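Reviewing the structure listed below.
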Amino acid sequence: MGQRSEQNRANRTGAEGPVLSVRRLTTRFRTDRGIVTAVDDVSFDVAPGETLGIVGESGCGKTVTSKSIMRLLPDHVASYGDESEVIYRGNNLLRASESEMRKVRGDGIAMIFQEPMTSLNPVFTVGWQLNEALKYHTKLRARERRARIIEMLKLVDMPNPEKRIDEYPHQLSGGMRQRVMIAIALCCEPDVLIADEPTTALDVTIQAQILDLMNELKSRLNTAIILITHDLGVVAQVCDRVQVMYAGRVIESASAREVFHNPRHPYTRGLLDSIPKQGGKQKGARLPAIGGIVPSLWELPPGCRFQERCRYKQQKCVDVEPDLVTDPDGHARRCHFPLGTSAKLTVGASS
Amino acid sequence: MALIEVRNLVKHFPVRGGVLNRVVGKVHAVNGVSFDVQRGETVGIVGESGCGKSTLGKTIIRLIDPTEGSIKYDDKEITTLGHGGMMRIRRKMQIIFQDPYSSLNPRMTVRGLLREAIKFHDVVPANQVDDYITELIRTVGMRPDAADKFPHEFSGGQRQRLGIARALSVKPEFIVADEPVSALDVSIQAQVLNLMMDLKEKLGLTLVFISHDLKVVEHFCDRVLVMYLGHIVEELPTRDLHLRAKHPYTRALLGANPIDDPDDRRPLTVLQGDVPSPFSPPPGCPFQTRCPRVHDRCRVEMPPLVTREAGVNGEAETERVACWAVEVDEQEKLSAGAGAR
């Protein structure tokens, strides 16, 4: 098994070992324009009962990371780095066969997708779709399965589960569909739940319900959750630890508290500043936006991938790409000139 | 005088069904809405999906014809205007759509897209069109060489800038922005919001800004209309919004927004259940099925939108609320005040 990096050892919470370890994950795609590296050398652990947030803007590689773990990317276009490992129950999933993967998916690691309408089959009832997972992964009889499905729907606070079990996805609202997705994901009691933008398509009041539900289920079932999102508010609500990704790389990794109160990478700082503050504290003022756009993966700038948009750029940033360095307090950042205590003071004075 | 005066605006969409494809019912998208927009003001419209905010936005510039009601633009009734009259006034009102991918014709270059409206409305003399296009592209913060590219060559944020350039091309006074930043990444969202603020100040635009994100509206707008199932349930200034908001729905929207601080975690759920279908809205107050403060009167009688002067930090401003519970609160406040005197 691969060596565990300092960073993850320092950040791990709980006494139990991690349930899932991702080591040096690199995912490449063969495309018409040549090979592109969508995820570059990403490592992390998740422990039972812990929620890890993976944050970033479109194209940063957060969804490819989750699909690589689940091996949902087609083998003829996606390939993984030689040193890449996804360790689950002592096996490297990146080298597992399709039949081994099928046992892991749903039973060991389950996933919730962003769009509950397109990930539910419109021609089958809610009950049928939950039954499918139970039939494959458990030895329960038909009647037991139905009882278990109703129990699952109750667990996710579905109103009228006895009636809803025989309804079709189009008869449900967006929030209820996402509850069904969560019920399907949890029905085999997975060790790890990957939630890819689970609330992005929902209204705020419904998002509030789903986030509260996820928090409640985590403490009740002790599931490890990997939450993928672009919404920092969602991260602040549910995550214990956060990894910020930019152009395929992890650029910052720390506890949620640290990332929000003491970000060390200028990109993380910029993301936090881009959100209008509630309470209208900067009302009417311009938001301190990050200039420019995310670079294309085919035309990455030399040195640090963020340097073209960074307001603290120096010559070293263009010449050398920084490594992901873990500070003594366990806060990791990929920046030559992190916004630490001393740097932060000068920043505060200039702005 | 207000630039826009909307009175009792109603839009019902017919729903067809059955073998004969007859009208079997109607969707109550906008249900008797009245409000004003002052010149130079930015008014936000917030609400969840299906509350009628986009329909309202499109109806006030008559991209959708209203079922009933009146819309006055600059004191001129526009609901009864014919094609030609509407054409003249349309130059003054523009719209920016949510999805910059589907609102730009993929087969036209940026120059072509912008030139169409400029020529149609004769905005500048023919020999100055190219210079004007260059100027427009610069105005929205892009490089002039963008003019000869196609929409697919741009990122989402740049496309939204082009959407803004196209809206500005006819030198409008009034713009409806329908979720202009919802499809954009956070860092790009901030850039586009900043651009819109700059342009609004520079060109003295009047804006109606439609969004589901109360945080963005609070930041960007002067006043906000909160909609629920086709009704305005509250109207208030955005300054000190969290202190002013009275309607239980506005309070719920404020409470459901996650706060960007892991130290400040609290349960977010304020409302159970979903928005009822606008096909069969509930009787009484539209919000009664989910309201934490519901009582008997709400289930039978629709609360009126009551206007009052309300003060925060000593400054009174006009607010409107439609809620029986708030009425009771206000009565109690009044009698408590009278008792103290």
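Key figures for this structure:
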| read-out | value |
| --- | --- |
| Filter result (touching a strand residue (DSSP E or B) at 6+ places or on another chain (Cβ under 6 Å) and small (Gly, Ala, Ser)) within segment B:41-64 | B:44, B:47, B:52, B:54, B:57 |
| Complete set of residues in segment B:58-77 that are surrounded by fewer than 23 Cβ atoms within 10 Å (Cβ to Cβ) and under 13 Å from the mean Cα position of the chain (by Cα) | B:58 |
| Unmet criterion (only one of (1) modelled with pLDDT of 90 or more; (2) more than 8 Å from chain B (Cβ to nearest Cβ)) for residue A:270 | (2) |
| Which numbered condition residue B:260 misses (of (1) part of a loop (DSSP other than H, G, I, E, B); (2) away from chain A (no Cβ under 14 Å)) | (2) |
| Scan of segment A:234-267 for residues that are of a type in the set (Gly, Ala, Ser) and facing chain B (nearest Cβ under 7 Å), ordered by number | A:236, A:256 |
| Hey, residue B:114 in a helix (DSSP H, G or I) and either small (Gly, Ala, Ser) or at pLDDT below 95 (or both) or not | yes |
| Test: residue in segment B:294-317 that is in contact (Cβ under 8 Å) with a residue 60 or more places away in the chain and β-branched (Val, Ile, Thr) | yes |
| Odd one out for residue B:54, checked against (1) within 17 Å of residue B:176 (Cβ to Cβ); (2) free of Cβ contacts under 8 Å to residues at least 40 places away in the same chain | (2) |
| Subset of segment A:166-210 (residues that are within 10 Å of another protein chain (Cβ to nearest Cβ), farther than 17 Å from residue A:154 by Cβ and among the hydrophobic types (A, V, I, L, M, F, W, C)) | A:201, A:202, A:204, A:206, A:208 |
| Only listed residue being among the acidic types (Asp, Glu) and over 23 Å from the mean Cα position of the chain (by Cα), chosen from B:122, B:99 | B:122 |
| Matching residues, segment B:62-82, being out of contact with any Leu (no Cβ under 6 Å at 6 or more places or on another chain), small (Gly, Ala, Ser) and touching a residue at least 60 places away in the same chain (Cβ under 8 Å) | B:70 |
| Count - residues of segment B:275-309 that are at pLDDT below 90 and either part of a loop (DSSP other than H, G, I, E, B) or of a type in the set (Val, Ile, Thr) (or both) | 7 |
| So residue B:182, is it surrounded by fewer than 19 Cβ atoms within 10 Å (Cβ to Cβ) and modelled with pLDDT under 90 | yes |
| Members of segment B:18-57 that are touching a helix residue (DSSP H, G or I) at 6+ places or on another chain (Cβ under 9 Å) and within 13 Å of another protein chain (Cβ to nearest Cβ) | B:42, B:44, B:46, B:47, B:48, B:49 |
| Failed item, numbered, when residue B:251 is tested on (1) within 21 Å of the chain's Cα centre (by Cα); (2) assigned to a helix (DSSP H, G or I); (3) buried (at least 18 other Cβ atoms within 10 Å of the Cβ) | (3) |
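Residue-wise test of (1) more than 12 Å from chain A (Cβ to nearest Cβ); (2) assigned to a helix (DSSP H, G or I); (3) within 13 Å of residue B:42 (Cα to Cα).
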residue	(1), (2), (3)
B:181	no, no, no
B:191	no, yes, no
B:196	no, yes, yes
B:210	yes, no, yes
B:219	no, yes, yes
B:225	yes, no, yes
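Quick grid of which residues meet (1) modelled with pLDDT under 95; (2) in contact with a helix residue (DSSP H, G or I) (Cβ under 8 Å, 6 or more places away or on another chain):
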position: A:92; (1), (2): no, no
position: A:104; (1), (2): yes, yes
position: A:112; (1), (2): yes, yes
position: A:121; (1), (2): yes, yes
position: A:133; (1), (2): yes, yes
position: A:138; (1), (2): yes, yes
position: A:141; (1), (2): yes, no
position: A:147; (1), (2): yes, no
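The values are calculated or read from the model by the stated rules, or taken from the named source; none is laboratory data. All figures in this text were calculated on a predicted structure; none of them were measured in a lab. We place every Cβ from the backbone using ideal geometry, glycine too, and count neighbours over all the protein chains shown.
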